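The values are calculated or read from the model by the stated rules, or taken from the named source; none is laboratory data. Worth saying up front: this structure is predicted, and the values here are computed from it rather than measured. A quick note on method: Cβ atoms are made from the backbone with ideal geometry, for glycine too, and the neighbour counts reach across all protein chains shown. Side chains are part of the model used for accessible areas, which takes the heavy atoms of the whole protein and leaves out ligands, DNA and RNA. Shrake-Rupley method; radii C 1.70, N 1.55, O 1.52, S 1.80 Å.
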Amino acid sequence: MAESISAGSAGPDKPVVDIRDLKISFNRIPILSGINLQVRHGENLVVLGKSGSGKSVLIKCLVGLVEPDAGEIRVFDKDISNLSYEQLNEVRLKVGFLFQNAALYDSMTVGDNLAFPLRYHFKKLKPAQIRQLVGEALDSVGLQEAIDKMPSELSGGMSKRVGLARTLILKPDIMLYDEPTTGLDTATSKEISALILEMQRKKNISSIIITHDMHCAKTTADRLVVLKEGVIAAEGSYDQLRDGDDPWTKTFFE
Amino acid sequence: MSAPGGAGTETINEMYKNMQTAADTESLRELLKKKFAPTGDSIAFAARFFRELVKPPFPGREFLHQCYLIGYKSCPLISLTGFIMGLVLTIQSRPSLAQFGAESMLPGMVATSLVREIGPVITALICAGNIGSRMGAELGSMRVTEQIDAMEVSAINPYKFLVVSRVLATTLMIPLLSVYTNAVGMIGSWAAMNIHTNIGFTRYFSAAMGHLEFLDIVPALVKTFLFGFAIGIIGCFKGFYVRGGTESVGRAANAAVVTASLAVFVLDMLAVQITDLI
Ligand SMILES: Nc1ncnc2c1ncn2[C@@H]1O[C@H](COP(=O)(O)OP(=O)(O)OP(=O)(O)O)[C@@H](O)[C@H]1O
Ligand SMILES: [Mg+2]
């Protein structure tokens with residue numbers, strides 16, 4: 001694994017994610033028009049915003065899935081748009097990405113979905129070690145019994161949790177969660193929120209969490225930002241935003 | 001109002017004209033780009049195959065799995081088609097050869113046409129339909145459900161894992177399958193011979209084989225590698241760059257079959273021309 005990039009190498013004060021003046025448009029329709037956002041080491045940042053406001057697009061930029069029209073994105077102090085494919089992959093290995101629709105590989109069982117990135121990146125791991133790591137990861141999302149199921153046999157919420165396990169198995173330093181609790185019942189979504197918090201506390205993972213689930217936001221967030229019309233319209237702690245005087249922002253908390 | 005307006009209108013007219021030409025060249029450029037970009041993209045896509053092939057790691061597991069799928073899934077269809085082609089070819093050629101009293105030429109003639117043309121082309125066409133569409137649809141649905149993006153973000157090279165393995169598998173398996181088609185075709189032909197005469201399989205087979213020459217076998221074999229490569233690359237290319245929803249997946253699968261079949265015919269024509277020169 002790439003040792004050259006670690007969470008520490010960005011320095012204690014330097015943000016692990018630094019977005020400056022990010023602009024993106026699709027078919028000449030601006031989606032993001034000047035985003036400035038920093039995530040500090042070990043911080044959980046929650047992103048709120050109406051459906052279609054460009055939240056998913058924003059985190060896709062961080063891993064080079066969407067090319068920005070303008071602006072600078074630095075992850076671990078590396079400018080994402082100026083990296084070679086190999087260098088970009090080194091950064092990607094340190095960044096976990098949970099897709100909104102889980103994006104499980106539907107030709108593989110749940111177990112293979114988790115084992116696949118391990119086998120690909122860590123050729124030296126023995127099958128027994130891989131099995132153990134996969135078991136532990138599934139256990140952390142409470143789905144150990146699903147190991148031999150195919151993705152098509154899972155419910156939406158189960159897929160989401162398998163997707164989360166698959167992302168966490170590579171032990172990232174930054175996690176990007178795209179609606180981690182959507183489609184889950186209250187009890188499970190509380191568990192997932194607790195898991196996100198545990199990842200931060202125990203492993204010192206910095207996260208960006210996109211969510212519409214205010215309970216999840218309240219539990220996990222150190223700081224929240226609200227996306228509106230392509231810019232960050234409000235920023236603050238949970239209580240600050242809830243008790244603030246912007247009526248539009250307050251609609252999220254109703 | 002009219003005096004200064006005269007000069008004004010002229011400049012405005014000119015400006016408008018200039019804008020018009022600018023817009024025309026712009027749209028022409030965009031039109032050309034739209035027309036020819038896919039060709040350029042597909043060439044770049046194919047060139048990338050060779051670059052990624054030599055760079056480790058090699059997706060061995062996936063490659064073997066694809067070989068198995070291609071060989072195993074196409075076998076029944078190819079067996080049936082090959083057998084029927086051999087049979088029909090023999091029954092149809094028999095009367096004309098009998099007219100010249102050249103019935104003894106029949107095994108050799110059938111073998112030559114099977115090995116040189118019918119075996120490779122039939123195999124490639126069946127695979128273009130069968131494998132090309134499967135790859136187009138599979139990679140296309142992986143693209144629209146973000147599975148390819150999921151590979152990207154976990155630092156797995158999706159081109160290497162999905163495309164290199166598949167293209168290499170078709171490139172190696174289609175020659176094998178077409179040798180198999182030839183063999184099954186010979187069995188069909190032997191069966192047709194036995195409607196009229198009683199001839200042992202060994203005797204029939206050696207009569208047929210004795211007729212084949214180097215130039216019958218090697219160019220035909222080389223051709224099948226090209227067919228295999230084309231089918232794999234086209235199927236993967238159409239699927240890999242699907243944009244939009246599920247309906248574009250169907251379109252990609254369809255386009256893969258049409259383009260791959262066309263490519264088989266074009267490559268066949270080129271190969272025949274080149275062989276003719278040798
Ligand atoms: N690949 C793309 N091509 C064209 N338009 C796109 C593309 N991806 C996203 N968009 C557009 O960008 C906008 C923002 O999309 P995005 O997925 O980021 O929304 P979101 O904030 O995540 O919404 P939700 O909460 O519903 O997930 C949408 O209007 C969408 O139509
Ligand atoms: Mg989204």
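For chain B, take the longest principal axis of its alpha carbons; what is the angle in degrees between that and the long axis of helix B:2-54, to the nearest 10 within 0 to 90?
Roughly 30 degrees between the two axes.
Where a ≥ b ≥ c are the square roots of the eigenvalues of the C-alpha gyration tensor, would you call the stretch B:154-225 rounded, which needs a/c under 1.5, or, failing that, prolate if a/b is larger than b/c, or oblate?
The shape class here is prolate.
Taking 60 Å as R0, compute the FRET efficiency from the Cβ-Cβ separation of A:Asn36 and A:Asp112 and round it to 0.05.
Efficiency computed from Cβ-Cβ geometry: 0.90.
Calculate the mean, over all residues of peptide B:139-150, of how many other protein chain Cβ atoms lie within 10 angstrom of the residue's Cβ.
On the way: counts 0, 0, 1, 4, 0, 0, 8, 9, 11, 3, 7, 14.
That average works out to 5.
Using Cα pairs under 8 angstrom and six or more residues apart, how large is the relative contact order of chain B, in percent?
The value is 30 percent.
May I have the convex hull volume per residue, in Å³, for the Cα set of chain B? Please list the in-between numbers first.
On the way: hull volume 64.2 nm³, N = 278.
Dividing the Cα hull volume of chain B by its residue count gives 231 Å³.
With the radius of gyration and the Kirkwood radius both derived from the Cα set of the stretch A:7-253, what is their ratio Rg to Rh?
Using only Cα positions, Rg/Rh for the stretch A:7-253 is 0.96.
Which percent of the Cα-Cα distances in the stretch A:86-130 go past 15 Å? Please list the in-between numbers first.
Working: 550 of 990 pairs.
Cα-Cα pairs of the stretch A:86-130 separated by over 15 Å account for 56 percent.
When chain B is treated as a GNM, springs tying every alpha-carbon pair under 10 Å, which of B:Ala150, B:Ala111, B:Ala208 comes out with the largest mean-square fluctuation?
B:Ala150
Which residues' amide hydrogens lie under 5 Å from the amide hydrogen of A:Phe97, considering only partners 5 or more residues apart or on another chain, with H built in the peptide plane?
A:Leu176
For helix B:246-277, what angle does its Cα long axis make with the longest principal axis of chain B, in degrees from 0 to 90 and rounded to 10?
Approximately 60 degrees, to the nearest ten.
Sequence neighbours fewer than 8 away in the same chain don't count; with that in mind, list the lysines whose C-alpha is under 22 Å from B:Lys35.
Filter leaves B:Lys238.
For chain A, set up a Gaussian network in which alpha carbons nearer than 10 Å are linked by springs, and say which option among A:Ser33, A:Ser81, A:Ser155 fluctuates the most.
With Cα springs under 10 Å in chain A, the top fluctuation among A:Ser33, A:Ser81, A:Ser155 is at A:Ser155.
How many percent of DSSP beta bridges within the protein assembly as shown run antiparallel, rounded to 5?
If I count the DSSP bridges inside the protein assembly as shown, around 55 percent turn out antiparallel.
Determine the share of the stretch B:137-211's accessible area contributed by carbon and sulfur atoms, expressed in whole percent, with a 1.4 angstrom probe. Let's see the in-between values first.
Values: 1750 of 2580 Å².
Roughly 68 percent of what the probe reaches on the stretch B:137-211 is carbon or sulfur.
Can you list the residues, at least 5 places off or on another chain, whose amide H is less than 5 Å from the amide H of A:Gly49, using H built in the peptide plane?
Under 5 Å from the amide H of A:Gly49 lie the amide H atoms of A:Leu227, each far enough along the sequence or on another chain.
Computed over the Cα atoms of the protein assembly as shown, what is the ratio Rg over Rh, Rh following Kirkwood?
Computed over Cα atoms, the ratio is 1.12.
In the stretch A:7-253, what % of DSSP beta bridges are antiparallel (nearest 5)?
55 percent
Could you tell me how far the Cα centroid of the stretch A:93-172 sits from the Cα centroid of the stretch B:227-278, in Å?
35 Å
Separation between the B:Val258 and B:Phe58 pseudo-spin-labels, each 7 Å from Cα along Cα→Cβ, expressed in nm?
Using points 7 Å along Cα→Cβ, the separation is 3.7 nm.
At a Cα cut-off below 25 Å, give the lysines reachable from A:Lys160, other chains included and same-chain residues fewer than 8 away excluded.
The qualifying lysines are A:Lys50, A:Lys55, A:Lys60, A:Lys94, A:Lys149, A:Lys171, A:Lys190, A:Lys202, A:Lys203, A:Lys218.
Tell me the angle of helix B:133-144 to the major Cα principal axis of chain B, expressed in degrees between 0 and 90 and rounded to the nearest ten.
30 degrees
If you roll a 1.4 Å probe over the heavy atoms of the protein chains, what accessible area per residue do you get for the protein assembly as shown, in Å²? Each step should come with its number before you reach the end.
Details: 26300 Å² over 532 residues.
Value returned for the protein assembly as shown: 49 Å² of accessible area per residue.
Considering only C-alpha atoms, what is the centroid distance from the stretch A:205-223 to the stretch B:84-127, in Å?
Value for the Cα centre distance between the two parts: 71 Å.
For the peptides B:218-227, A:54-63, B:31-40, what is the packing order when you average, over each peptide's residues, the other Cβ atoms within 10 Å and list the highest mean first?
Sorting B:218-227, A:54-63, B:31-40 by mean packing, highest first, produces A:54-63, B:218-227, B:31-40.
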